[in-house]
Amino acid sequence: MVTRKNSWFTRFAKKTSGYAGKPATFAGAVLLLVVWACFGPACKYNDTWQLVINTSTTIVTFLMVFLIQNTQNRDSEALQIKLDEIIRVVEGANNGLLDLEELEDKELDEIREKFLKLAAEARNEMDGRKEKKGKTEGS
């Protein structure tokens, strides 16, 4: 088995994304908002009181966008590699589909159209078989 040594950022992004998605983290965020709101009367709802929550949430959101995007990019790339491997090993599969993510939108649209036509033909064929079967059973 291969031993992996991920970069500090990858480890940090994975852990942070993992924690961010937990119910306890959401509950903690709600609790912080309640505590902040409770301080409103003591602070006379002044600008500093509002600035605390605005600045905090802006900073957290800004940083989380990059962490989540990093995690999503890594997951998408890993999934793509797995799909490529499945295409590669399945007999009769079209190996020309291995790097579709590298194509331009127009090229993807053309390929999508071909597959939509194939799917429609397959459905029509299935419907035809069902009709034949129904007529044979009803006779």
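The values are calculated or read from the model by the stated rules, or taken from the named source; none is laboratory data. Just so it is clear, the structure is predicted and the values come from calculations on it, not from any experiment. Using ideal geometry, Cβ is built from the backbone for each residue, glycine included, and neighbour counts are taken over all protein chains shown.
List every residue pair whose Cβ atoms sit under 6 Å apart, with the two residues 6 or more apart in sequence or on different chains, where the first one lies in the range 42-63 and is free of Cβ contacts under 8 Å to residues at least 12 places away in the same chain and the second, anywhere, is in a helix (DSSP H, G or I). Taking only residues 6 or more apart or on different chains, the pairs are Cys43/Trp49. Being modelled with pLDDT under 90, acidic (Asp, Glu) and not in a helix (DSSP H, G or I) is a condition met by at least one residue of the range 95-115.
Residue by residue, here is whether (1) over 30 Å from Asn6 (Cβ atoms); (2) out of contact with any helix residue (DSSP H, G or I) (no Cβ under 8 Å at 6 or more places or on another chain) holds:
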| position | (1), (2) |
| --- | --- |
| Thr57 | no, yes |
| Thr61 | no, yes |
| Val65 | no, yes |
| Asp75 | no, yes |
| Leu98 | no, no |
| Glu102 | no, yes |
| Glu110 | yes, yes |
| Ala122 | yes, yes |
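Take Phe26 and decide whether it is part of a helix (DSSP H, G or I), under 20 Å from the mean Cα position of the chain (by Cα), of a type outside the set (D, E, K, R) and exposed (fewer than 11 other Cβ atoms within 10 Å of the Cβ). So Phe26 does not fit the description; no. Looking only at residues in the range 29-64 that are surrounded by 11 or more Cβ atoms within 10 Å (Cβ to Cβ) and among the β-branched types (Val, Ile, Thr), which one is farthest from Tyr19 (Cα to Cα)? Within the range 29-64, the match that is farthest from Tyr19 (Cα to Cα) is Val52. Do the conditions hold for Ser17, that is, is it part of a helix (DSSP H, G or I) and within 24 Å of the chain's Cα centre (by Cα)? Criteria met by Ser17. Name the one entry in Leu118, Leu79, Leu98 that is without any contact (Cβ under 8 Å) to a residue 60 or more places away in the chain and surrounded by 11 or more Cβ atoms within 10 Å (Cβ to Cβ). Sole residue among the options that is without any contact (Cβ under 8 Å) to a residue 60 or more places away in the chain and surrounded by 11 or more Cβ atoms within 10 Å (Cβ to Cβ): Leu98.
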